[in-house]
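Notes follow once the structure below has been shown.
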Amino acid sequence: MRRLGGAAPRGDIAVELRGVSRRFRLHHETRTSFQDWFIGLVRPRGKGEEFWALRDISFSLRRGESLGILGRNGAGKSTLLKLITRVLEPTSGEIIVNGRTLAMLELGAGFHPELSGRDNVYLNGSIYGYSRRQMAEKFDRIVAFAELERFIDTPVKHYSLGMFMRLGFSIAVHLDPDILVIDEVLSVGDAAFQRKGYQALRDLKANGTTILFVSHWPELVREFCDRAILLQEGRLIDNGPVDAVAAHYERMLQAQPGEAAILRVRAVDAAGRVVEAVPSGRDLRIEVLLRVPPSGGGDLLLAIDLYDRDGNHLFGSTGRLADLGAPTVGEDPATRRVCAVIHQLPVAPTTLTIAATLQHPGATGLDEVDRQDTEVEVIAPWSVRERGLLRLDHAWEWEPADAAADALPELRVEAER
Amino acid sequence: MASQAIEIVQYHSLVRNLVAKDLKVRYKNSVLGFVWSLLHPLLLMVVFTFVFTQLLDQRQEDFPVFVLTALLPWHWTSTAVAAGTTSLVDNAPLINKVYFPRILLPVSVVLSTGANYVLGLPALFLFMALFDRPFTPWLLAIPVLVLIQAIFLTAVVLVLAPLNVYFRDTSVLVEVGLTAWFFMTPIFYSIEWVVPHLAAWMYRINPMAAIVSEYRVIMYSGSVPDPLFTARTGATALALLVVGYLIFTRLNRNLGEHL
């Protein structure tokens, strides 16, 4: 594993994870001791179960981008943040962080109750690696922002929780980090301070700070982030523009367990990355994420239909889920990933609507269970000589040149006669 | 290893602030608080003096100075080892929230307890003056001994602090161990009273025996410390520090999981 300091050899990448996994051993007794160890010599017990908090996570974040990390409790969000902030080491994989990282995982972590607010500002700064002189420059702004001028020489044990949090928040936003990691800490103090806090974060973002923001509130993530990733059971199941990922997450929350649903449909490239445009004539991969009831949903049908800009139904295909044998995603056996590949997409440039429909063979034909659409732009070096709905693989051919050459002398011979 | 050294330099203000925090909290920001911190070794001095000169009729001259020259550095050792052992566990909430070189926690404990010891030395000088003990230029060698002791104590806490994370009863064993160590170190007795063949072994396996005897040579006897002996003690401390550092880095890797 490699961490990089100030230098940025990889251009404008702020954070990059490559195949990062983290394993924990579940210790059934939380406190180990020599006593347990000796007892264990006499009466051996199991080594403790293994548990993968994160599995094979890869994503990258450019400087100045803000990334939301969504997922339910236990999805691995906190572990991910701890890996990025170096509190934990990955079991395998590589993490590259370019720049000074600051984590707001818990406000006021590291405050000592007996010390004054002033001493705690300096102590907290030095925990993040800032010298006394650097902190002295920021000191007045920190105190003014936290609105604690009158109490700054009082030991923080006498502070109210709100004062404590305000000081912690103020220190964090004034340290000018390159990368700021926030774990739902904005429920700080009163409404007025909250507004101020959000504004401070917006200012940091405007000044080019890279932000990683964890929340299980999709609304907050939508407001602050350009992009988002979605974690489920320790795996990255979605990565893309914030609106799409937040919508996916909301659907995931709403989906009733036991009911089949389409969680997401999108166009991807061969490596599984989301694409917003595909060149005409290349392969189009359509990835559908499904929730399948525990019964297996054997008789369910999955239909993929393609429509052009004008609503013309270009193509449709239906497959039985039972025949697909889709690989499971994450540890959740109910979530399945299906990929439909259309070879050498023969469609002229247009806005292609891809509809995925889950259907149930009912008494009167097919009942629609769920449907999700996505759009993808079909692009091509379209010349004036091509038109129509389709872009067919074609070639112009003259009569073979050698045949023409063979014919010519004969003509000449004839002319000579 | 080089990059870790650079990192520790980068975090020099954390070391300073951690030491300052320890001292401020211990002294509660008052002079009386500082005097209070000396109470423990001074009271022990009174007790030992009473026991050995009154109850046991021990003829060692100026017994209070004799015992205090060893009690003060021992007090450093016992506070540093006890607090150093729990330094990682005590700061678990911080370690789990923020990245910083964790090695600085046990190291800062050795430094702050060491500062407390150095600040207490004038009290010892006062007793030396009261009992008319000789003040020689060899007192200038004290910083060398302080450095050797600091290196040795760092080596010890670098092993015990992470061990206490994996085995939480380490701190209990350390408490018992410190009592045993106290009796095995020539503090309320002189190394010269020890059976000769055992005294040699005491020096070999207990660096504190050597360090305490050196302090006593300088501050109680007012004589010259043997440079070769001091150098050997220093070399032992350095070798132990390397071992302690290697053990710490090894144990540090999975620390986050156990805190």
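The values are calculated or read from the model by the stated rules, or taken from the named source; none is laboratory data. Computed from a predicted structure; not experimentally measured. Cβ placement follows ideal geometry from the backbone for every residue including glycine, while neighbour counts extend to all protein chains displayed. Each accessible area value is taken on the protein alone, full model and side chains, heavy atoms only, with ligands, DNA and RNA left out. Shrake-Rupley method; radii C 1.70, N 1.55, O 1.52, S 1.80 Å.
Among the residues of the range A:210-248, the ones that are out of contact with any helix residue (DSSP H, G or I) (no Cβ under 7 Å at 6 or more places or on another chain), surrounded by 23 or more Cβ atoms within 10 Å (Cβ to Cβ) and more than 24 Å from A:ARG336 (Cβ to Cβ) come to 1 in all. What are the residues in the range A:65-75 that are assigned to a loop (DSSP other than H, G, I, E, B) and touching a Lys or Arg at 6+ places or on another chain (Cβ under 8 Å), if any? Across the range A:65-75, the qualifying residues are A:GLU65, A:GLY71.
Entry remark, the range A:83-110: residues being outside any strand (DSSP E or B) and either more than 7 Å from chain B (Cβ to nearest Cβ) or among the aromatic types (Phe, Trp, Tyr) (or both) number 9 in total. Kindly indicate whether B:VAL9 is open to solvent by less than 30 Å² (accessible area, probe 1.4 Å) and under 30 Å from B:VAL165 (Cα atoms). Judged against the criteria, B:VAL9 is not a match. Which number in (1) assigned to a helix (DSSP H, G or I); (2) surrounded by fewer than 19 Cβ atoms within 10 Å (Cβ to Cβ); (3) more than 11 Å from chain A (Cβ to nearest Cβ) marks the one condition that B:PHE66 misses? For B:PHE66, the failing item is (2). Of all the numbered requirements in (1) more than 9 Å from chain B (Cβ to nearest Cβ); (2) under 16 Å from B:PRO101 (Cβ atoms), A:GLY129 misses one, and that requirement is (1). Under the condition of being within 14 Å of another protein chain (Cβ to nearest Cβ), closer than 23 Å to A:ARG100 by Cβ and either of a type in the set (Asp, Glu) or not in a helix (DSSP H, G or I) (or both), the residues counted in the range A:132-159 number 1.
Assess whether B:ARG204 counts as being within 28 Å of B:LEU124 (Cβ to Cβ), out of contact with any Asp or Glu (no Cβ under 9 Å at 6 or more places or on another chain) and basic (Lys, Arg). For B:ARG204, the condition - within 28 Å of B:LEU124 (Cβ to Cβ), out of contact with any Asp or Glu (no Cβ under 9 Å at 6 or more places or on another chain) and basic (Lys, Arg) - is met. Could we say that B:VAL165 is within 14 Å of chain A (Cβ to nearest Cβ), part of a helix (DSSP H, G or I) and open to solvent by 50 Å² or more (accessible area, probe 1.4 Å) here? No, not satisfied.
Only a single item in (1) without any contact (Cβ under 8 Å) to a residue 24 or more places away in the chain; (2) surrounded by 19 or more Cβ atoms within 10 Å (Cβ to Cβ); (3) more than 14 Å from chain A (Cβ to nearest Cβ) is not met by B:LYS97, and it is number (3).
Residues that are buried (at least 19 other Cβ atoms within 10 Å of the Cβ) and among the hydroxyl-bearing types (Ser, Thr, Tyr) within the range B:12-36 comprise just one, B:SER13.
Let me spell it out: the conditions are (1) away from every other protein chain (no Cβ under 11 Å); (2) modelled with pLDDT under 90, and B:MET45 meets all of them except one. Which number is the exception? So the condition that B:MET45 fails would be (2). Can you find, within the range A:114-126, the residue that is farthest from A:THR101 (Cα to Cα) among those that are facing chain B (nearest Cβ under 8 Å) and of a type in the set (D, E, K, R)? Selected residue: A:GLU114. Checking each residue in the range B:188-214 for being surrounded by fewer than 22 Cβ atoms within 10 Å (Cβ to Cβ) and in contact (Cβ under 8 Å) with a residue 24 or more places away in the chain picks out B:SER190, B:ASN206. The residues listed here are B:VAL195, B:VAL157, B:VAL174; of these, the one that is in contact with a Pro (Cβ under 7 Å, 6 or more places away or on another chain) and β-branched (Val, Ile, Thr) is B:VAL157.
Residue by residue, here is whether (1) more than 22 Å from B:VAL35 (Cβ to Cβ); (2) in contact with a helix residue (DSSP H, G or I) (Cβ under 8 Å, 6 or more places away or on another chain); (3) open to solvent by less than 40 Å² (accessible area, probe 1.4 Å) holds:
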{"residue": "B:ILE148", "(1), (2), (3)": "yes, yes, yes"}
{"residue": "B:PHE152", "(1), (2), (3)": "yes, yes, yes"}
{"residue": "B:LEU160", "(1), (2), (3)": "yes, yes, yes"}
{"residue": "B:GLU175", "(1), (2), (3)": "yes, yes, no"}
{"residue": "B:THR179", "(1), (2), (3)": "yes, no, no"}
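Count of the range A:51-78 residues, restricted to those that are open to solvent by 10 Å² or more (accessible area, probe 1.4 Å), within 22 Å of A:GLU250 (Cα to Cα) and within 14 Å of another protein chain (Cβ to nearest Cβ), is 1.
You will find that of B:ALA123, B:ALA141, B:ALA92, the residue that is hydrophobic (A, V, I, L, M, F, W, C), surrounded by fewer than 20 Cβ atoms within 10 Å (Cβ to Cβ) and in contact with a Pro (Cβ under 7 Å, 6 or more places away or on another chain) is B:ALA141 and no other.
Any residue at all in the range A:103-110 that is acidic (Asp, Glu), within 28 Å of the chain's Cα centre (by Cα) and within 30 Å of B:VAL9 (Cβ to Cβ)? Yes; the residues of the range A:103-110 include at least one that is acidic (Asp, Glu), within 28 Å of the chain's Cα centre (by Cα) and within 30 Å of B:VAL9 (Cβ to Cβ).
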